[in-house]
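**Q** Sharing a structure with you now.
Just so you know, all these numbers are worked out from the coordinates, no wet-lab data involved. None of the values given here were measured: they were computed from a predicted structure. Please note: Cβ atoms are built from the backbone with ideal geometry, for glycine as well, and neighbour counts cover all protein chains shown.
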Amino acid sequence: MWGPEGLDEVEAELLGPPEELKGKAVLEIGAGAAQCARWLAAQGARPVALDLSHRQLQHALRIGGSFPLVCADAGALPFADETFDLACSAYGALPFVADPVLVLREVRRVLRPGGRFVFSVTHPIRWAFPDEPGPQGLSVSASYFDRTPYVEQYIENGEGRAVYVEHHRTLGDRVRDIVTAGLRLVDLVEPEWPAWNTAEWGGWSPLRGNLIPGTAIFVCVRD
Ligand SMILES: C[S@@+](CC[C@H](N)C(=O)[O-])C[C@H]1O[C@@H](n2cnc3c(N)ncnc32)[C@H](O)[C@@H]1O
């Protein structure tokens, strides 16, 4: 699943035709509970699920699957050059790192020539709107151009410690990051909100989804 709209890889085929996934070495970045890796394994691919969070990987282990789980930072991938045929990430790592070019360079390094990296992030336009599913979420409340990160802190003894951080990149920033990292952008998919999806979750809702995009999916190739 690429995002809250519900677009899945069966429908999107952004990693290529399903029959060609068989036997492919695929790196899932920011895998969380490794839903994508599990689906890839079911298609006959050879996925590796990577996440910074040990806790998330414990969930992956509990749910199961016979593929490796790797606890590591996407900015320092513990793999040799040209290890993978494909890489993917559904809202993993990239929205949360201050230096996305570092991650993209690492992904390029571990991909074989001709390899593809498909990643989804919150659509940059969402930054300008409040995170509300209802009508309050339809008026611009912040600058799209303000790159100040969103930070949640845990305060202890008067000292704050960041426990959740989201970094904003404009659409132009994302394109520039991809090009700077040496990848070629071949598609930018903005999934539309489908009629069947009546779910409301955080700032995600049919009301907003019908008016503004919520997810941006970048399809990149290592030439
Ligand atoms: C929004 S979750 C997405 C999880 C999963 N891909 C999914 O579709 O449900 C983001 C994940 O990225 C991971 N993450 C954040 N920063 C990371 C980093 N620097 N390196 C690797 N993983 C990271 C988090 O631990 C979290 O599991």
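**Q** With a cut-off of at most 16 other beta carbons within 10 Å, and DSSP calling the residue loop, which trypsin sites (Lys or Arg not before Pro) in the stretch 1-98 qualify? Please list them. List each step's numbers first, then the result.
**A** On the way: sites: K22, K24, R38, R55, R62; in loops: K22, K24.
In loop regions of the stretch 1-98 (DSSP not H, G, I, E or B), the sparsely surrounded trypsin sites (Lys or Arg not before Pro) are K22.
**Q** Is the stretch 78-179 rounded, prolate or oblate when judged by the Cα gyration tensor, a ≥ b ≥ c being the square roots of its eigenvalues, rounded requiring a/c under 1.5 and prolate requiring a/b larger than b/c?
**A** In terms of gyration-tensor shape, oblate.
**Q** A further question follows. Taking H as built 1.01 Å from N, whose amide H comes closer than 5 Å to the amide H of L7, not counting residues under 5 places away?
**A** Here the answer is W2, since their amide H atoms fall under 5 Å of that of L7.
**Q** Divide the volume of the convex hull of the Cα atoms of the stretch 1-126 by its number of residues and quote the answer in cubic angstrom per residue. Can you show the working numbers first?
**A** Details: hull volume 13.6 nm³, N = 126.
Normalising the Cα hull of the stretch 1-126 by residue number yields 108 Å³.
**Q** Could you calculate the contour length gain from A42 to V140, that is, 0.36 nm times the residue separation minus the distance between their Cα atoms, to one decimal place in nm?
**A** 31.1 nm
**Q** Counting other C-beta atoms within 10 Å, and keeping those with at most 13, which DSSP coil trypsin sites (Lys or Arg not before Pro) do you find in the stretch 107-192?
**A** Numbers: sites: R108, R109, R116, R126, R147, R161, R169, R174, R176, R184; in loops: R147, R169.
Taking the stretch 107-192 and a limit of 13 other Cβ atoms within 10 Å, the loop trypsin sites (Lys or Arg not before Pro) found are R147.
**Q** Where in the chain is the longest stretch that carries no GluC sites (Glu not before Pro) classed as loop by DSSP and with at most 16 other Cβ atoms within 10 Å? Spell out each step's value before the answer.
**A** Working: sites that count: E13, E82, E192, E200.
For GluC sites (Glu not before Pro) (loop position, at most 16 other Cβ atoms within 10 Å), the longest site-free span of the chain is 83-191.
**Q** Using the alpha carbons of the stretch 129-183, what is the convex hull volume per residue in cubic angstrom, as a whole number?
**A** It comes to 139 Å³ per residue, whole-number rounded.
**Q** For A195 and D173, calculate 0.36 nm times their separation in residues minus their Cα-Cα distance, and state this gained length in nm to one decimal.
**A** Numbers: separation 22, 0.36 × 22 = 7.92 nm, distance 3.12 nm.
Contour length minus Cα-Cα distance gives 4.8 nm.
**Q** So what is the orientation-averaged projected area of the chain, using the convex hull of its C-alpha atoms, in nm²?
**A** In nm², the orientation-averaged hull projection of the chain is 13.2.
**Q** Can you give me the P(r) profile for the stretch 131-223? Cα pairs, bins 10 angstrom wide beginning at 0, each as a whole percent.
**A** Final binned percentages: 13, 31, 34, 19, 4, 0.
**Q** Provide the percentage of antiparallel DSSP beta bridges, counting only those with both residues in the chain; round to the nearest 5.
**A** 55 percent
**Q** Right, something else. If you plug each phi of the stretch 24-41 into the Karplus form 6.51 cos²θ - 1.76 cosθ + 1.60 with θ = phi - 60°, what whole-Hz ³J(HN,Hα) values come out, in order, with x for Gly and Pro?
**A** 6, 7, 10, 9, 9, 9, x, 6, x, 7, 6, 4, 5, 4, 5, 5, 4, 4
**Q** Using 7 Å Cα-to-Cβ label points, what is the R112/M1 separation (nm, one decimal)?
**A** 3.2 nm
**Q** Still on this model: Residues of the stretch 130-172 with amide nitrogen under 18 Å from the 7 Å Cα-to-Cβ point of L211?
**A** Output list for this probe position: 130-144.
**Q** Let me ask something additional. With θ taken as phi - 60° and the coefficients 6.51, -1.76 and 1.60, list the Karplus ³J(HN,Hα) couplings across the stretch 81-90 in order, rounded to whole Hz; mark glycine and proline as x.
**A** Along the stretch 81-90, the couplings run 4, 6, 8, 10, 7, 9, 9, 8, 7, 9 Hz.
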